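Quick one: structure below, then a few questions.
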Amino acid sequence: MTVYLVGAGPGDPGLLTVRAAELLASAEVVVHDRLTPAELRDLAPATAELVDVGKHPGGPADAQTRINELLVELGRTGRRVVRLKGGDPFVFARGAEEAMALAEAGIDFEVVPGVTSAVAAPSSAGIPVTLRGHSAWVTVVTGHEDPAKGEPEVDWEAMGALGGTLVVLMGVKRWPEISARLVAGGRDPQTPAAAVRWGSRPEQQTLRGTLGSLDLSDVRPPATVVVGEVAAVDLNWFESRPLFGRTVVVTRTAEQAGELSGRLRRLGAQVLEVPTIAVTEPADGGAALRDAVARVADYEWVVLTSPNGARRFCAELRDGRDLAGVRLAAIGPGTADVLAEHHLVCDLVPERFVAEGLLEVFPAPSGRNTVLLARAEVARDVLPEGLAAAGWDVDVVTAYRTQPAQVTPETAEQVAAADAITFTSSSTVTNFVATGAPVPPVVAAIGPVTAATAQEAGLTVTVEAGVHTLDGLVDALVRHFAR
Ligand code: SAH
């Protein structure tokens, strides 16, 4: 089996390579470092084993040997192993040592290059590492020298005499010594210098100054330092996006959060997903649904009353042709949309998206009189009772359960520090308030009904979308923060 040494890029999941995303999505084991952002780990299947081999500064010196041994061991199990490394695996990342260990043990490996922070962190800060007429070469150097690693010592005075652009990785802690030695080597203390912390991430910070003045004593790693004329260039785009620097809480379920979170992130926001409802397997693990879907051709109608139910139903469907003689009803457009994603067109969607609305338009039985109703564990009885009263033989199967999600004290603390919270329905409000978590200063509601529920729950609604869609909500937030 092959072990994949994969570059994760500087931190923005959008800066993964296509190959890296593909391998992560099919990984069985992901071996990652301490600073690997959670969003990257989340790209692996939920069933994948995550192994944190993060070396803590000051940890045991043989940590790398143990990582090498672990990769060899995992490689032998025949599972799909992804060794995820920040930036590029061969740029100050000891990927080469891991590859050598694998080669020695006779285990195949593949290296997936990554976008290195040496280039990406500066460019996210609007600093080009080369610039025609100003800088024709770039030197990338490590500021972390550990004699135990057997690395040759960096001749900082020689670097100081070199000119061009100097990019220093892992140099924050030793910056006073490094900058002094660069100056001693001949670099002008007036040379522009900048430090970019967490480049490409929503928490990115850029500090600018000169070689002589840049003070990094309050900067925690990871940060990349750029020295050279280019460090004075400020082609700002990243940090000037409208929601940059804002943390926004998204309260939709984990399945539904993605769309809103994506829009907010593209505008620069740090998104904190706090699902207030969790959708889980029913008590029987889905056996009843699986069974019913296996003989779905026996039913005259399949009735789906929520997007979650529709999703679960489609997941169990083996072959779309099993539905050849079966008609489909959805309670509303959201549920119908899920079916449409699976190339299933509904025969019936009522005008009022509630059980009563569906009953009003549901036809009388003719021929086969069986209905499969796949829905949440806890639901009103209006629909099965009404259909039965109309002469239908109704099989009610539980497709999923919803449970109020727990908010851990750690998450509650993050919510308290956020700038805004978004509510996309009354139920997100009610469920969020029930968790007892603190409320950020800006409360944004998708429309008047949601806003009213929030107000009734004692929240002060700051932002209400004019157009009651996700786009409308995002627009309203952007306008609020622009003021
Ligand atoms: N293989 C990595 C570098 C690993 S060394 C790469 O190619 O990017 C770790 C150092 O990289 C950090 O100390 C910091 O200097 C730099 N670094 C990594 N991610 C960064 C980021 N998002 N922003 C700024 N610097 C980063």
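The values are calculated or read from the model by the stated rules, or taken from the named source; none is laboratory data. Predicted model, so just to flag it, every value in this text is computed and none were measured. In this analysis, Cβ positions are derived from the backbone assuming ideal geometry, glycine residues included, and neighbour counts consider all displayed protein chains. Areas reflect the complete protein model, heavy atoms only, side chains present, ligands, DNA and RNA absent. Shrake-Rupley method; radii C 1.70, N 1.55, O 1.52, S 1.80 Å.
Considering region 75-95 alone, what residues qualify as being modelled with pLDDT under 95 and of a type in the set (Phe, Trp, Tyr)?
If the condition is that a residue be modelled with pLDDT under 95 and of a type in the set (Phe, Trp, Tyr), then Phe92 is the only one that fits.
Write out, first by first residue and then by second, each pair whose Cβ atoms fall under 7 Å of each other, whose residues are 6+ apart or on separate chains, and whose first residue, in region 129-145, is among the charged types (D, E, K, R) while the second is more than 16 Å from the ligand (Cβ to nearest atom).
Close Cβ pairs (under 7 Å, with a partner that is more than 16 Å from the ligand (Cβ to nearest atom)) amount to Glu145/Glu153.
Of all residues in region 1-18 being more than 16 Å from the ligand (Cβ to nearest atom) and of a type outside the set (Ser, Thr, Tyr), which is surrounded by the fewest Cβ atoms within 10 Å (Cβ to Cβ)?
So, considering only residues that are more than 16 Å from the ligand (Cβ to nearest atom) and of a type outside the set (Ser, Thr, Tyr), the one surrounded by the fewest Cβ atoms within 10 Å (Cβ to Cβ) is Val18.
Results for (1) farther than 16 Å from Thr276 by Cα; (2) in contact with a Leu (Cβ under 8 Å, 6 or more places away or on another chain); (3) modelled with pLDDT of 95 or more, shown as yes or no for each residue.
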{"position": "Thr335", "(1), (2), (3)": "yes, yes, no"}
{"position": "Glu360", "(1), (2), (3)": "yes, no, no"}
{"position": "Thr370", "(1), (2), (3)": "yes, no, yes"}
{"position": "Arg401", "(1), (2), (3)": "no, no, no"}
{"position": "Thr422", "(1), (2), (3)": "no, yes, yes"}
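So if I check each of Ala180, Ala184, Ala195, which one is under 26 Å from the mean Cα position of the chain (by Cα) and among the aliphatic types (A, V, I, L, M)? If you could, list the steps in order and put the result at the bottom.
On the way: Ala180 fails: under 26 Å from the mean Cα position of the chain (by Cα); Ala184 fails: under 26 Å from the mean Cα position of the chain (by Cα).
After applying the criteria, what remains is Ala195.
If you scan region 104-153, which residues turn out to be in contact with a strand residue (DSSP E or B) (Cβ under 7 Å, 6 or more places away or on another chain), among the aliphatic types (A, V, I, L, M) and away from the ligand (no atom under 14 Å from the Cβ)?
The one that is in contact with a strand residue (DSSP E or B) (Cβ under 7 Å, 6 or more places away or on another chain), among the aliphatic types (A, V, I, L, M) and away from the ligand (no atom under 14 Å from the Cβ): Ile107.
Considering only region 203-217, state which residues are at pLDDT 95 or above, more than 8 Å from the ligand (Cβ to nearest atom) and either of a type outside the set (Val, Ile, Thr) or out of contact with any strand residue (DSSP E or B) (no Cβ under 9 Å at 6 or more places or on another chain) (or both).
Within region 203-217, the first condition is being at pLDDT 95 or above, and the residues that meet it are 204-217.
Going one step further and asking which of them are more than 8 Å from the ligand (Cβ to nearest atom), we end up with 205-217.
Gln205, Leu207, Arg208, Gly209, Leu211, Gly212, Ser213, Leu214, Asp215, Leu216, Ser217 - these are the residues of region 203-217 that are at pLDDT 95 or above, more than 8 Å from the ligand (Cβ to nearest atom) and either of a type outside the set (Val, Ile, Thr) or out of contact with any strand residue (DSSP E or B) (no Cβ under 9 Å at 6 or more places or on another chain) (or both).
Given the condition aromatic (Phe, Trp, Tyr) and surrounded by fewer than 17 Cβ atoms within 10 Å (Cβ to Cβ), answer yes or no: does some residue in region 104-117 qualify?
Checked against the condition, which is being aromatic (Phe, Trp, Tyr) and surrounded by fewer than 17 Cβ atoms within 10 Å (Cβ to Cβ), region 104-117 yields no hits at all.
While we're here: Condition first: in a loop (DSSP other than H, G, I, E, B) and in contact with a strand residue (DSSP E or B) (Cβ under 7 Å, 6 or more places away or on another chain). Now tell me which residues in region 448-464 satisfy that. Explain how you work it out, then say what you get.
First pass over region 448-464, keeping only residues in a loop (DSSP other than H, G, I, E, B): 457-462.
Correct list: Leu459, Thr460, Val461, Thr462.
Only one of Thr469, Thr424 is touching a helix residue (DSSP H, G or I) at 6+ places or on another chain (Cβ under 8 Å) and either open to solvent by 70 Å² or more (accessible area, probe 1.4 Å) or assigned by TED's automatic domain parsing to the domain that holds Leu267 (or both). Can you tell me which?
Unique residue meeting the criteria: Thr424.
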